[in-house]
Amino acid sequence: MEENEKDEQETDFEDTKSWIRDNLRIIISIIIVVAIAGGVYSYSKRSQAPAENKEIAEEQMEEEGTVEVQEGEETKAPEDQKKIAEEKKTAASDATSKETEGSFIETAGKGDGQTHLARRALANYLEKNPDSGLTAEHKIYIEDYLRKHSGAKGSVHIGTSIEFSKDSINKAIESSKKLNDKQLNNLHKYAVQVPSLT
């Protein structure tokens, strides 16, 4: 009886071994597909997480009044954090906005480019002329329109000023309202990267 069980077990083992050998290509293909799908899923979650984490961290900092720590930067002693905060305030104070009768003049601070200046000009315009019909996608389009039509050449440095006429901002807004759904959907991927536009 024990020999019978042994024979059955050996037969089952041989059958399993034979089945694996016959289906090895299929098994390997399934493993590769699962690994690729897992990698794609992991990558998509990783690319979404930094934007969400940054937005949550910014909200917490505003509530708690804490100092922002950049990625890759070591946590510093409170004195160092105060110094970093003061440097950021100084850099932010370099950035200024000035309104004239027909335009907004935006002056760059540390880290600002033409798009940042166009964004500030649009925000200043919308503060005085609210338009609830504008989505984040519209605003991305308007920023780009203003950047391209500002007449500014070359790179932007701290203290560089660019003038954005109110007429140009108004034209950009009107132009953005003529975008079709396909164009707005295309702009969505850029809009989600700028949470402040919503």
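Quick one: 116, 138, 188, 157, fewest Cβ neighbours within 10 Å first, how do they rank? Before the final figure, lay out the partial values.
Numbers: 116 17, 138 22, 188 12, 157 9.
Going from least to most buried by this count: 157, 188, 116, 138.
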Qualifying trypsin sites (Lys or Arg not before Pro) in the stretch 105-198, DSSP loop, other Cβ atoms within 10 Å at most 10: 153, 178
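Past 29 Å, Cα to Cα, is the threshold; run 153/182; 45/148; 110/177; 110/178; 110/189; 98/189 against it and keep the listed order. It would help to have the intermediate numbers written out before the result.
On the way: 153/182 31 Å; 45/148 33 Å; 110/177 32 Å; 110/178 34 Å; 110/189 26 Å; 98/189 31 Å.
As for pairs spanning more than 29 Å Cα to Cα, those are 153/182; 45/148; 110/177; 110/178; 98/189.
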Points 7 angstrom from Cα along the Cβ direction at residue 11 and residue 186: gap in nanometres? 6.8 nm
Over the alpha-carbon set of the stretch 94-197, work out the extent along each principal axis and list the three values in angstrom, largest first. 38, 28, 23
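No lab work stands behind these numbers, since they all come straight from the coordinates. Since this is a predicted model, take the numbers as computed values, not measurements. Neighbour counts run over all protein chains shown; Cβ positions are idealised from the backbone, glycine included.
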